[in-house]
């Protein structure tokens, strides 16, 4: 049990009604906002156990967002309005303020379930005679469109775009772009149905 569990009223879904919860999220907002290149919108609930650090980049979190306990957001990351990142999310962008080659962009109204991961770079490993740690990385952007739902444990690799309105099934691993309004599942993730066809 963490120290912050004393203030969350035992809830896994954030609420901000009791004095304990108000104190909890005020602390979370302060800890996230202490970095010079972090911008947080209005009415956000950020758990103080979330690790939010821009490194050499910039983090922008829109209005009315929820960042749950244990989540790690680092580097160049842009999160739209009305989004949620649930427990233990891992969202790592690359580049810096002038280099957006590894930026992660998440559109408005998107829902990211627990334990999802997005890493906007890959290690280079072409030379087997040289340690991988010495070969650098190649950044590539990740884009999650508006009104997307990522099920638990979804992984998105560098360079992929999830089209707006899409749904990714639990445990899917995205290695290629997913068209808008797709229902996609599997390893690697493939679109199996269109939400437009359902309507």
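Read-outs throughout are calculated quantities, based only on the coordinates presented, and are distinct from any laboratory measurement. Everything quoted here is computed from the prediction, not taken from an experiment. All Cβ positions, glycine included, derive from the backbone under ideal geometry; neighbour counts span all protein chains shown.
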Quote the relative contact order of the chain in percent (integer), defining contacts as alpha-carbon pairs under 8 Å separated by 6+ residues. 11 percent
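Please work out whether the chain counts as rounded, prolate or oblate from its C-alpha gyration tensor, where a ≥ b ≥ c are the square roots of the eigenvalues and a/c under 1.5 means rounded, while otherwise a/b larger than b/c means prolate and anything else oblate?
Oblate, because a/c is 1.5 or more while a/b does not exceed b/c.
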Residue 51 versus residue 193: modelled label distance in nm, points set 7 Å from Cα along the beta carbon direction: 3.8 nm
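Over the stretch 65-153, what is the mean sequence separation of C-alpha contacts under 8 Å (at least six apart), divided by residue count, expressed as relative contact order in percent?
29 percent
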Given the chain, what percent of its DSSP beta bridges are antiparallel, to the nearest 5? 15 percent
Taking only DSSP H segments of four or more residues, each worth -39500 (n - 2.57), what value at 222 nm results for the chain once the sum is divided by all its residues, to the nearest 500 deg cm²/dmol? -3000 deg cm²/dmol
Length added when fully stretched, residue 18-residue 124, from 0.36 nm per residue minus Cα-Cα: 33.3 nm
Cα gyration tensor category, rounded, prolate or oblate, for the stretch 25-131 with a/c compared to 1.5: prolate
